[in-house]
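Worksheet: one structure, shown below.
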Amino acid sequence: MAAPSEEQPRRRFGQRVLTDPARLFQHNAWDNVEWSEEQEASARSKVQENSSQLLPQDKQEEYEANAKRYWDDFYKIHENGFFKDRHWLFTEFPELAPNRSSSQNGDPLRGFKTKEESSSEGLGRCENGHCSLETRTECQFGVPQSKPGLCTREVAAQEHRGLNHRGGDYPGSAASYRVLEVGCGAGNTVFPILQTNNDPGLFVYCCDFSTTAVDLVQNNAEYDSSRCFAFVHDLCNDQSPFPMPEESLDIVILIFVLSAILPEKMQGIVTRLSRLLKPGGMILLRDYGRYDLAQLRFKKGQCLSENFYVRGDGTRVYFFTQDELDHLFTTAGLEKIQNLVDRRLQVNRGKQVTMYRVWIQCKYRKAATP
């Protein structure tokens with residue numbers, strides 16, 4: 001980091017550079033913070049240390065076999081009072097609300113508050129790489145009690161199994177703009193989209209590995225089965241059907257979900273999702289980057305394989321590089337629109353602790369038909 005020299009932050013090459021450490025604790029977060037060579041070397045050393053001891057193969061197989069149960073347990077514990085809507089969504093991904101005016105986007109720095117940031121006041125609880133949060137969702141969304149008349153998981157599952165794609169008889173078949181969020185969690189992306197995007201042709205699909213998470217979405221007062229279809233789906237099972245045909249989606253959203261997948265299964269999943277896109281459709285991703293705070297805080301004995309770890313609650317997480325994600329998407333036949341790293345400094349002002357986060361954001365597009 002730059003040596004302290006000024007009271008106000010300086011900009012270098014379009015990035016904010018911190019100056020006076022004594023003033024750091026007056027700010028919640030800084031975006032695009034530059035890392036020194038010494039800082040990156042220290043992070044690399046910590047990762048080498050915490051990955052020097054791998055879990056035995058039988059334990060790794062156990063975590064894979066019981067992955068669904070661990071995520072169900074997570075959402076049972078955190079079903080209320082844990083999630084907030086993602087205010088940064090439409091600043092970073094305007095494709096989710098194409099008709100939204102730029103004035104509605106607000107301050108991108110203030111709006112870009114992820115669950116990890118909103119939990120920063122309590123990051124003293126960040127142990128074993130878990131940071132008191134789950135992989136696939138960042139922000140918090142309050143989930144009220146279920147109301148009568150809402151579509152239940154059982155009914156939705158029956159509809160899902162009985163779809164007839166060839167006849168065009170599937171949820172959202174009449175829509176003109178279709179969005180799928182994979183790993184929807186409690187709905188903290190889905191509901192802001194439904195609230196913000198008033199396009200009458202919009203239809204939002206959302207799925208999750210966790211039955212409990214899908215129940216939370218379907219029982220939310222904001223759930224509207226005429227504009228949304230939530231369903232349970234196992235990404236790792238290539239025989240598990242989607243409720244829409246191939247080449248029917250405009251957008252696929254992956255927010256802190258791909259990192260929860262066994263690394264050797266990631267390519268097959270990305271390739272399969274790319275087939276759902278219309279020509280010109282896009283995959284939008286935000287996920288953990290290499291040397292993120294969560295990776296550095298893992299202890300020995302929690303590493304499953306290179307840059308892949310298990311948290312204390314049994315959920316797992318991978319930490320990406322830009323090149324790894326680029327390879328996954330381009331191998332699936334998609335073209336790069338955006339692939340960037342956001343290195344961010346968060347400050348817990350109460351504890352006077354600085355926390356360095358690393359996230360990667362990508363947009364990849366399916367080639368339009370000539």
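The values are calculated or read from the model by the stated rules, or taken from the named source; none is laboratory data. Just so we're clear, the structure is a prediction, and the values are computed from it rather than from any experiment. As a convention, Cβ positions derive from the backbone with ideal geometry for all residues, glycine included, and neighbour counts pool all protein chains shown. The area values use the complete protein model at the heavy-atom level, side chains included, leaving out ligands, DNA and RNA. Shrake-Rupley method; radii C 1.70, N 1.55, O 1.52, S 1.80 Å.
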- When only residues in the range 352-370 that are out of contact with any Phe, Trp or Tyr (no Cβ under 9 Å at 6 or more places or on another chain) and over 22 Å from Trp35 (Cβ atoms) count, which is modelled with the lowest pLDDT? Pro370
- Message: Being at pLDDT below 95 and either farther than 19 Å from Leu55 by Cα or open to solvent by less than 10 Å² (accessible area, probe 1.4 Å) (or both) is the requirement here; does Gln267 meet it?
- Response: no
- Item | Odd one out for Ile360, checked against (1) β-branched (Val, Ile, Thr); (2) open to solvent by 20 Å² or more (accessible area, probe 1.4 Å); (3) within 17 Å of the chain's Cα centre (by Cα) | (2)
- Message: Against the condition surrounded by 15 or more Cβ atoms within 10 Å (Cβ to Cβ), in contact with a Pro (Cβ under 9 Å, 6 or more places away or on another chain), under 17 Å from Asp72 (Cβ atoms) and not β-branched (Val, Ile, Thr), how does Phe203 come out, does it pass?
- Response: no
- Val347 modelled with pLDDT under 90, among the hydrophobic types (A, V, I, L, M, F, W, C) and out of contact with any strand residue (DSSP E or B) (no Cβ under 7 Å at 6 or more places or on another chain): no
- Message: Taking the condition of being touching a helix residue (DSSP H, G or I) at 6+ places or on another chain (Cβ under 9 Å) and small (Gly, Ala, Ser), how many residues in the range 213-242 meet it?
- Response: 3
- Would you be able to say whether some residue in the range 290-298 is buried (at least 22 other Cβ atoms within 10 Å of the Cβ) and in a strand (DSSP E or B)? no
- Query: Is at least one residue of the range 344-356 of a type in the set (S, T, N, Q) and open to solvent by less than 10 Å² (accessible area, probe 1.4 Å)?
  - Reply: yes
- Just wondering, is there one or more residues in the range 281-293 that are of a type in the set (Val, Ile, Thr) and closer than 30 Å to Gln53 by Cβ? no
- Query: Counting just the residues of the range 241-260 that are open to solvent by 20 Å² or more (accessible area, probe 1.4 Å) and part of a loop (DSSP other than H, G, I, E, B), which one comes out nearest to Pro94 (Cα to Cα)?
  - Reply: Glu247
- Task: Report whether or not Gln322 is at negative phi and out of contact with any strand residue (DSSP E or B) (no Cβ under 9 Å at 6 or more places or on another chain).
- Result: no
- Note on the structure: Here the residues within the range 165-197 that are surrounded by fewer than 23 Cβ atoms within 10 Å (Cβ to Cβ), in a loop (DSSP other than H, G, I, E, B) and either at pLDDT below 90 or under 19 Å from the mean Cα position of the chain (by Cα) (or both) are His165, Arg166, Gly167, Gly168
- If you scan the range 39-84, which residues turn out to be modelled with pLDDT of 90 or more and in a helix (DSSP H, G or I)? Ala41, Ser42, Ala43, Arg44, Ser45, Lys46, Val47, Gln48, Glu49, Asn50
- Message: Considering only the range 317-340, I want to know if a residue exists there that is assigned to a loop (DSSP other than H, G, I, E, B), more than 21 Å from Leu249 (Cα to Cα) and open to solvent by less than 30 Å² (accessible area, probe 1.4 Å).
- Response: yes
